[in-house]
């Protein structure tokens, strides 16, 4: 499986490392980490290397697994490098306008069967994909914290059952537990959390 993560800021590298942990052992697994800013991309790769180093030091990862994980990571600044991805997850911003621009650029690059996810804590999928060429393959994927380790993964499905089934199976292959939620602002996790805020 080939996965792309867009955004090397606060959450992108953590998601990329989590996906790497699930895919590195499999033949041909790759995770592209994309950011348009070189310093951010370098920092994200450094954070992933830090996770690998800690796992090695604590005996949770073998040297062979560490090498496979490093080999499976592909840092890039070019969106065209995501052309062969099976799944791309945007985790760059909570700005709706920028998400729409990213989606438009992605749709001009990726394969017709590529699944496209958006990491957001509150923007409905219907808003993001309102102008999409193929909204049926677009999903909200809301990770829990810490993103590289937490298993729950909220999913807002599109209206296409076939694409929805593929999305759920893909999330499972990436080591996550999909939680299907409604396409409303904030989603389940934030709604639950808000009940504890006075």
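At a Förster distance of 22 Å, what's the computed FRET efficiency of residue 78 paired with residue 104, Cβ-Cβ distance as r, to 0.05?
About 0.85, to the nearest 0.05.
Consider a paramagnetic label point 7 Å from the Cα of residue 113 along Cα→Cβ; state which residues of region 120-144 have an amide N under 12 Å from it.
none
For the chain, with a Gaussian network of springs between Cα atoms less than 10 Å apart, report the residue from 50, 164, 59 with the top mean-square fluctuation.
The residue with the greatest mean-square fluctuation here is 59.
Give the separation of the Cα centroids, region 104-146 to region 1-18, in Å.
15
How fast does the chain diffuse by Stokes-Einstein, in µm²/s, taking the Kirkwood radius from C-alpha pairs at 10 °C and 1.306 mPa s?
94
Read-outs: derived from the displayed coordinates by stated rules, not from any lab. Quantities reported herein were computed from a predicted structural model and do not represent experimental measurements. Note that each Cβ is placed from the backbone with ideal geometry, even for glycine, and that neighbours are counted across all protein chains shown.
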